[in-house]
Structures are given as C-alpha cells and as structure tokens.
1. Full extension from ARG203 to PHE158: what is 0.36 nm times the residue separation minus their Cα-Cα distance, to one decimal in nm?
2. For the range 169-274, what class follows from the C-alpha gyration tensor (a ≥ b ≥ c being the square roots of its eigenvalues): rounded when a/c is under 1.5, otherwise prolate if a/b is larger than b/c, else oblate?
3. When only the heavy atoms of the protein chains count and the probe is 1.4 Å, how do MET168, MET257 rank by accessible area, highest first?
4. Springs between alpha-carbon pairs under 10 angstrom, Gaussian network model over the chain: which of SER47, SER233, SER55 fluctuates most?
5. Which of the pairs LYS76/LYS196; LYS57/LYS117; LYS76/LYS209 have their Cα atoms more than 18 Å apart in this structure?
6. Within the chain, which cysteines find no other Cys whose Cβ is under 4.7 angstrom from their own?
7. Dipole of the range 221-274 (Lys/Arg Cβ +1, Asp/Glu Cβ -1, origin at the Cα centre): which of LEU246, ILE227, MET257 lies farthest to the positive side?
8. How long is the range 36-269 along each principal axis, judged by its Cα atoms, biggest number first, in Å?
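The values are calculated or read from the model by the stated rules, or taken from the named source; none is laboratory data. Worth saying up front: this structure is predicted, and the values here are computed from it rather than measured. Cβ sites come from the backbone with ideal geometry, for glycine too, and all protein chains shown count toward neighbours. Please note that ligands, DNA and RNA were not included when accessible areas were found on the heavy atoms of the full protein model with its side chains. Shrake-Rupley method; radii C 1.70, N 1.55, O 1.52, S 1.80 Å.
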Amino acid sequence: MSPPPVLFYVVSIALLLINTNADHDSGGFVQFTYSGPQGPGNWGKLSPEYDACSSGKHQSPIDIVTEKVVLNQTLKPLLRQYGSTNATMHNSGLSIGMQYGKEAGVITVEGRNYSLKQMHWHSPSEHRLNGVQFDAELHIVHQAEDGSRAAVGILYRFGRADSLLARMHKKLAELSKQKSEHHQDVHVTVGTFDLKQVERVTRTRNYYKYYGSLTTPPCSENVIWHILGRVRSISKEQVDALRHPLEPGCRNNTRPMQELNGRVVQLFNNVNNF
Ligand SMILES: *[C@@H]1O[C@H](CO)[C@@H](O)[C@H](O)[C@H]1NC(C)=O
Ligand SMILES: *[C@@H]1O[C@H](CO)[C@@H](O)[C@H](O)[C@H]1NC(C)=O
Ligand SMILES: *[C@@H]1O[C@H](CO)[C@@H](O)[C@H](O)[C@H]1NC(C)=O
C-alpha cells in the first residue's frame, strides 16, 4: 500500500485541531455521546460505519404497544444453557457492563446457537411498554459466529434492590474508583462467575420478540430482541451506582425510540400454550 499523500495528513491534522472531540482511538472507534453534537440525533453522521443509525429501517429501541402485538403460538420459552466462566466488569464511559469468557453459554433462537458475550445497563430504559419508560434496562447480548446477535432485555422500575446487581456490588464500587475519561474502557476482573443466576432472573412466562438493531453505534441491524414481559425491581441506589461512574454527557444512556417501519412485535405467552 502506498503512503497517503501529504495533503491527507494536512487535512487530518486540521480536522483534529478544529474538532478535538472527533478523535478516533486505536480501534477506529468514533466517539459518540448521549447529548450535544455527538448525541443520538447525529450518530449516523459521525462515521460512515454508523450510517445505519440514521438510514436504518429496523432500529432499536422501540415502544412496544401491547394492543398491536401479535401472539405467536409457535414461539417457545427462552432456551438458554448458561454455565460459569471468567468475567470482567467494564466502564466504557457510556455504560457499565460485564464481559464473559468463552464457554459462558448459549441461547438457542430459531434453531441457531448464539454465545453469551456480555451484558450492560441503561438508565432510564430504552424500550418502552405502551409509551411508559422505566427506570433502567439490562441488555444481555449473545452473538453467533457470523456476528448476528440475539439479545434479551429486562425492564426495571424503582423498588427493592435487584439481586443480580447486589451480587456485583463490591466489584462495581471497585470499578467506580477508576474514572473513565474520553471513552477509555476501564475494567476490573471478577473471576469465575456463575451465570445460573442470570438464567434465573430472566426466566419468564412471556416476552416480546422483534427484529431490530444495536442501540449504540454502529446500530447494526442484526439483532433478534426478546424483551421480557415481567418488569423487575431495582433500587435507586443501584441505579445511582451504575450512573455515577459514567461520563457526564452519558449518565442518561438512553437512545430515543425508533420507528417501527411496519415491523410487527410478536408475543410469547406461556399461559396460552397450555
Ligand atoms: C477469560 O480468560 C481468558 C484466558 O485467561 C482471557 O483470555 C479472557 O480475556 C478472559 N475473558 C474475560 C471476559 O475476562
Ligand atoms: C447449541 O448448544 C447446545 C449447548 O451447548 C448444544 O447442546 C446444541 O447441540 C447446540 N445446537 C446447535 C444447533 O448447534
Ligand atoms: C435523565 O433521566 C432522568 C430520569 O431517570 C430524568 O429525570 C432527567 O431529566 C434526565 N436528564 C436529562 C439531562 O435528560
């Protein structure tokens, strides 16, 4: 490959001087936030790789209007086989999450296995039910070998503490001592993590399924979403602990609702299967 012409460098440096916020880190990641010029309304303009954020027709999150949902009797309970694996807890500045090593487990959707990769929290919630926004939302993300994803979303409203997060309390406190700046990922190791509890809290009698996207850039439209019908509870303190370590423009890390564009949300409801 021949080196780029000198003009390239001149223009690049000029652009960097004009807009120091638009820097790319070593991974080619273009910075985005949840407010201001790099907020959700402009994600699609920040990088050609983020094009789907503005031009995509199957974007997430959405408002699930129960009156328009279609009961699908062929849907099955969520089929997961989670084990235990090593894990790390991360603060990307944009959200707090956990990443899992190999062998974390799989979810089987439409006859296909997706490996559990990570989970992360948003507050307030991204998905809505009949227009209602909840206090927090957990996304559990699984990925197949070709990169397509199957995600499970859990909505939370303020109330009693969530047992899953309670278990991670110490690690979260440890993580929040290291502040993330300029989207530098900071993390702490968690050690071996038993995912049976994640399986337990996601056991559900009903869920909403639809085809959507990642809710952060690059907004790739390769995600099969399963939003649990059962809203769980989380304490105000727990949500504060998830927000406090984030960057100031990202403490509300919620992407606005996206158009359905003709998509139909399906309902799995166990009661009707008996
Ligand atoms: C799990 O352990 C392997 C091997 O030590 C390591 O390469 C990997 O990064 C770890 N993953 C996480 C998420 O901690
Ligand atoms: C999916 O994974 C489970 C558990 O590892 C395994 O038993 C099953 O055979 C896999 N199914 C497919 C379609 O690969
Ligand atoms: C952040 O979300 C909270 C609700 O959780 C809301 O009360 C507040 O107005 C939001 N702040 C901004 C800057 O959007």
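1. Values: separation 45, 0.36 × 45 = 16.20 nm, distance 2.00 nm.
My answer for the length gained is 14.2 nm.
2. Oblate.
3. Correct descending sequence by accessible area is MET257, MET168.
4. SER55
5. Working: LYS76/LYS196 20 Å; LYS57/LYS117 26 Å; LYS76/LYS209 11 Å.
Among LYS76/LYS196; LYS57/LYS117; LYS76/LYS209, the Cα-Cα distance tops 18 Å for LYS76/LYS196; LYS57/LYS117.
6. CYS250, each lacking another Cys Cβ under 4.7 Å.
7. Looking along the dipole axis, the top candidate is ILE227.
8. Projected onto the principal axes, the Cα atoms of the range 36-269 cover 46, 41, 37 Å.
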